[in-house]
1. Can you tell me which residue is nearest to residue 197 (Cα to Cα) among those in the range 126-167 that are outside any helix (DSSP H, G or I) and touching a strand residue (DSSP E or B) at 6+ places or on another chain (Cβ under 7 Å)?
2. Taking the range 137-158 as the search range and keeping residues that are closer than 23 Å to residue 73 by Cβ and out of contact with any helix residue (DSSP H, G or I) (no Cβ under 9 Å at 6 or more places or on another chain), which one is surrounded by the most Cβ atoms within 10 Å (Cβ to Cβ)?
3. Mind checking which residues of the range 168-186 are within 15 Å of residue 196 (Cβ to Cβ) and crowded, with 22+ Cβ neighbours inside 10 Å?
4. Test residue 36 against the stated conditions and say whether it is outside any helix (DSSP H, G or I) and either at pLDDT 75 or above or not assigned by TED's automatic domain parsing to the domain that holds residue 211 (or both).
């Protein structure tokens with residue numbers, strides 16, 4: 001039978017050994033195996049991840065489970081008046097019942113006539129803020145000079161929240177969208193499962209139980225109230241929440257939007273009086 005020359009046989013044998021070494025190295029790179037100290041060519045895993053089946057930080061179990069809020073913000077109060085919308089919230093980020101961050105701003109300016117505020121998980125709010133930045137940027141790329149309207153932002157967030165809810169991985173927020181559109185104020189809300197509505201008064205969190213009656217009473221007395229009266233009503237409602245809601249602080253941030261655009265004011269402390277809670281002994 002035909003035989004290759006010895007020179008070609010040696011080449012084939014060398015190539016076969018090289019391929020076997022490559023196959024052996026590749027087969028050893030698997031989940032849960034650390035590289036040997038004397039083999040620098042091997043791939044290393046992160047320390048402590050072998051029990052979870054991680055390779056380069058990627059979970060072997062690809063399923064995602066619904067997260068629970070970690071650092072959260074409390075109530076938002078908003079009211080639409082004759083010249084725009086006024087809303088307010090505190091600046092506390094609570095880690096459970098611990099007041100962890102005391103200067104976290106939960107109001108975001110989307111564009112010149114739109115702003116949002118959010119209760120719930122603050123990291124999810126940051127994610128939503130990034131989505132809105134991308135939305136505005138893509139709209140600006142069109143170059144038609146037409147800005148994103150408040151109602152568009154509201155509808156967009158409704159779709160985002162409902163989509164994440166259907167994946168059983170919701171964005172744990174109650175979002176208030178406020179703006180000025182078609183010569184009148186716009187105020188709406190969307191929650192973590194995509195439920196959405198428009199209203200003249202909106203309160204989230206504990207404020208939905210305490211502040212809504214106060215806001216309705218103010219509108220019933222004066223349906224055409226202006227910005228100054230609306231600010232006083234919102235401030236009074238925030239003061240009530242400060243006394244009764246445990247996960248809040250007296251550092252309050254106000255924001256207004258109207259025909260002249262969005263104005264987010266610097267957070268300032270409320271004037272409160274706790275002397276009624278003291279015991280005086282004569």
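1. 149
2. Residues of the range 137-158 closer than 23 Å to residue 73 by Cβ: 150, 153-154, 156-158.
After this cut, where a residue has to be out of contact with any helix residue (DSSP H, G or I) (no Cβ under 9 Å at 6 or more places or on another chain) as well, the list is 150, 154, 158.
Details: 150: 26, 154: 24, 158: 19.
Looking at the filtered set, the residue picked out is 150.
3. Matches in the range 168-186: 171, 173, 174, 175, 176, 177, 178, 179, 186.
4. When the stated conditions are applied, residue 36 passes them.
The values are calculated or read from the model by the stated rules, or taken from the named source; none is laboratory data. As the structure is a computational prediction, the values presented were derived from the model and not from experiment. Virtual Cβ from ideal backbone geometry, glycine too; neighbours counted across all protein chains shown.
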